[in-house]
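Below is one structure, written out as structure tokens; the observations come after it.
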Amino acid sequence: MPCYNHAICNGDVSIPRGILKHNICRFLSDWRTGFMPEQKKKDKDFSLHKKKKKKRSKLKTFFSTLLLLMVLVAAGIAVFLVFFLKDITQTLPSTEEILAHEPSLATTIYDRNDNLLTRLFEEDRTWVKLENISPWMVKAVLAAEDGDFYEHSGIKITSIVRAGLVDLTHRGARQGGSTITQQLARNLFLTKEKTISRKAKEAILAMRLEKIYSKDQILEMYLNTIYMGHGTYGIDSASKMYFGKAPINLDIAESAILAGLIAAPETFTPYRNQERSQSRKEYVLRRMLDLNWISNADYESSVAEQPPLQERTPRSSSIFLKDAPHFVSHILFRHLLPTYGAEQVYRGGLRIYTTVDADLQKKAEELLSKMKHEGALVALDPNTGEILALVGGRDFDNSKFNRATQAFRQPGSAFKPVVYATAIEQGYRPVDHLLDAPLHFPNGWQPGNYSKEFAGEVTLVEALARSLNTVSIRLAQIDGVGRIINLARRIGITTQYLPEDLSIALGTPSVTPLEMSVAYSTFANNGYRVEPYGIKVVRSKTGAFLEQNGPKIDPAIAPTVAVTMRSMLMQVASWGTGARARMKDYETFGKTGTTNDWTDAWFVGGIPGLVVVVYIGNDDHSPLGGKQTGTLAALPVWKEFMDYAVTKLNLPKTFTIPSDASVESIRICRHTGFLAASGCTAANILVPVGQAPVSECPWYGGSLTVAQSDGNAPQLLLAPIDDEMTRMEYALSPLHPVDDPMFQPDDGLIVTHKREETEPAKVPQNASDPYKGVTESKDDYESRFQDLLKQYNIKVD
């Protein structure tokens, strides 16, 4: 039979259908029998009982098995991925949640001149727009972390495969390979655990982010969220902490150092390891050069450049307050936290503009830090109530107790102006007289003067300037304790520790320095009570106004009373116990204060536009030692602060006298209260119009006849406790006329008026502890401070 197969292969013949069918059948038969043409097959050879097992090639079996395994594995992986991806996608944020995400931003607090005062944060981060970041910084970050950032769609498959292979061979997630978008996804929404699950979530989120945001938006978010070492988050905080400049001003070398930090901030920080930082900087610069983003000359110069680093202050906790800590803690716990909550204050990126002056605040802190004893300083604008400086102790880190606002201490003689102002309000004049003489109360109370001596009959202005205790008590008995308390409340003394007895005249109330600054502001601003405040404006992170504060001023005492009292306090600072406080070229008023056993020392006073209170004392109320009076302990601090303040503030040199203050200026004899004659020791004071003496002092050159006929001549005011024997012994004793030897006291030059009690005289009981009943203490507040931290969930490392 001809070989049709051969003919077919050569194309020599056509193929009849029967032959074709025969050959096909034969082919199938040969395939089933293993293609053994040399053996003739018979039908019986295909019987079941004669059939032999097939012999398949090992290679074919291997590949068949492998194919089957691959199909099974692929099916398993597909099933796994379906459930795995379904599980992880359910835990990922939705598009709406991604868009609603708010980064943790530091709250910035500024002083009155818009200088940065301090920052409050959980993460020290301030958002900055991409256009406000140096182009060199942008290029350095891209070179170090993701050179193809603007080309990929969120993930790079090659990097993921490479990282996956390394992870598999090491039986865990060890290899990086994340794009900037992936890193951003991790920083915003994921933990840093190195697991396959987290990497899958990271990749999915990265692709979502790429669909939601533009590349520039992603890069801006990344640059503002990355951690850059030493508690700084984002490029703004880092550039200011490391180099003291805004990110827009970073040069190539500085940018390379900062970009090099991202991979391992604590490893490559120049503060800890300059060699590693330099090596990392060179790597970043080499990458920038390879990408043709800098020239060879840029590379060489930047490698050699060693940018100076800012001095770094370690930050130990979120409550850390570097600048103005007592002031900031005051506004923080008194207003910000109760109003906005810890979440908004520490994560909300608020911008808070305060009243404090950073320079004055630093000066006050410097002065207090050098003191041997604890103390406080408050500087207030008396016309507005703005707090210009507030320091509550020597070292905030060692003690959070704010002695400016929380320490209730006895002001001693610094409280006496309240007693004198009450007398002025009742119609008594600075030129009128009282007795400086011994006091003996029925219960045994016998208050005396610091000098242990008595001056006899003195004018009110001289008694205040010399801080005579017995005169102040007599005046309080004439005023009535109730009236004194009433006036104290009106001018801003809010303390609950106001004794309702005559000891109030000696300054036994327990008050804070802030209260005293408010009270004295009433004398400085012509009679108005101001409400002290430290926050002017609060803005949200978007700049929206959340709060705006201004002066809150209410009439407290008549302008005539205020300016008269101020003129008397100017004598204290001119020739009295506070003479060392006198400011050259500035009208100055003030009063010293010292308590029993020299436990508390004060000086309170001011110049036009500024009132300052200085308090010095120990927290346990132990004596200061060495008979430290207000003149010796507090006044020098006050004076040094004031000398500095006038160089920083543009203040007027004289006080204004309002048109509704019905007063006139006169020059009087300090001893007699008559108009000063040529031989008098004189003082310039203000008195209500129509109440000034019109005759000159007859003791030192004036006419006795004219003085006797003066309807406004000074008067001797006898307190209810004064008897005739005391008057005879002490009245006029130091006043001997020199020009008229014929003058006799009985001629009635000084008219005497006996004052009756307007209310029962309340006499204090002797007490060994002057602070008995005062509940505020350092230990109590330290405990309360910890409670406040817990209340607002503020963690301190």
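The values are calculated or read from the model by the stated rules, or taken from the named source; none is laboratory data. Bear in mind the structure is a predicted one, so any value in this text is a computation, not a measurement. Cβ: placed from backbone, ideal geometry, glycine included. Neighbour counts: every protein chain shown. Please note that ligands, DNA and RNA were not included when accessible areas were found on the heavy atoms of the full protein model with its side chains. Shrake-Rupley method; radii C 1.70, N 1.55, O 1.52, S 1.80 Å.
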* Asked: How do the pairs read when you match residues in the stretch 96-124 that are in a helix (DSSP H, G or I) with residues anywhere that are among the basic types (K, R), using Cβ under 7 Å and keeping only pairs 6 or more apart or on different chains?
  -> I98/R208
* Given G164, G177, which one is open to solvent by 20 Å² or more (accessible area, probe 1.4 Å), at pLDDT below 85 and in a helix (DSSP H, G or I)? -> G164
* **Number of the exception - M371 against (1) more than 16 Å from V613 (Cβ to Cβ); (2) at pLDDT below 95** => (1)
* Only residues that are within 16 Å of V604 (Cα to Cα) and open to solvent by 10 Å² or more (accessible area, probe 1.4 Å): list them for the stretch 400-417, please. => T405, F408, Q410, S413
* To do: Report yes if some residue within the stretch 539-550 is among the charged types (D, E, K, R), open to solvent by 30 Å² or more (accessible area, probe 1.4 Å), more than 29 Å from T108 (Cβ to Cβ) and not in a loop (DSSP other than H, G, I, E, B); otherwise report no.
  => no
* Structure fact -> Residues in the stretch 705-731 that are buried (at least 18 other Cβ atoms within 10 Å of the Cβ) and part of a strand (DSSP E or B) total 3
* Among the residues of the stretch 241-292, how many are touching a Phe, Trp or Tyr at 6+ places or on another chain (Cβ under 9 Å) and assigned to a loop (DSSP other than H, G, I, E, B)? -> 6
* Structure fact -> The one condition F743 fails out of (1) under 59 Å from the mean Cα position of the chain (by Cα); (2) open to solvent by less than 70 Å² (accessible area, probe 1.4 Å); (3) farther than 22 Å from R409 by Cα; (4) at pLDDT below 80 is (1)
* Please enumerate the residues belonging to the stretch 358-392 that are open to solvent by 10 Å² or more (accessible area, probe 1.4 Å), in contact with a strand residue (DSSP E or B) (Cβ under 8 Å, 6 or more places away or on another chain) and in a loop (DSSP other than H, G, I, E, B). => M371, H373, E374, D381, N383, T384
* Asked: Counting only residues that are open to solvent by 10 Å² or more (accessible area, probe 1.4 Å) and either out of contact with any Pro (no Cβ under 8 Å at 6 or more places or on another chain) or in a helix (DSSP H, G or I) (or both), which one in the stretch 599-620 is nearest to T577 (Cα to Cα)?
  -> N618
* Structure fact -> The condition of being in contact (Cβ under 8 Å) with a residue 12 or more places away in the chain, part of a loop (DSSP other than H, G, I, E, B) and crowded, with 16+ Cβ neighbours inside 10 Å holds, among V471, V431, only for V431
* Return yes or no: is L498 open to solvent by 10 Å² or more (accessible area, probe 1.4 Å) and among the hydrophobic types (A, V, I, L, M, F, W, C)? => yes
* Asked: Which numbered condition trips up S451, out of (1) under 23 Å from A601 (Cβ atoms); (2) open to solvent by less than 10 Å² (accessible area, probe 1.4 Å); (3) touching a Lys or Arg at 6+ places or on another chain (Cβ under 9 Å)?
  -> (2)
* Asked: Out of all the residues in the stretch 203-243, which are within 22 Å of P308 (Cα to Cα), out of contact with any Pro (no Cβ under 6 Å at 6 or more places or on another chain) and crowded, with 23+ Cβ neighbours inside 10 Å?
  -> T232, Y233, G234, S237, A238, Y242
* Asked: Do we find that E640 is part of a strand (DSSP E or B) and of a type outside the set (K, R) in this structure?
  -> no
* Where residues in the stretch 551-561 are among the aliphatic types (A, V, I, L, M) and in contact with a strand residue (DSSP E or B) (Cβ under 7 Å, 6 or more places away or on another chain), which of them is surrounded by the most Cβ atoms within 10 Å (Cβ to Cβ)? -> A556
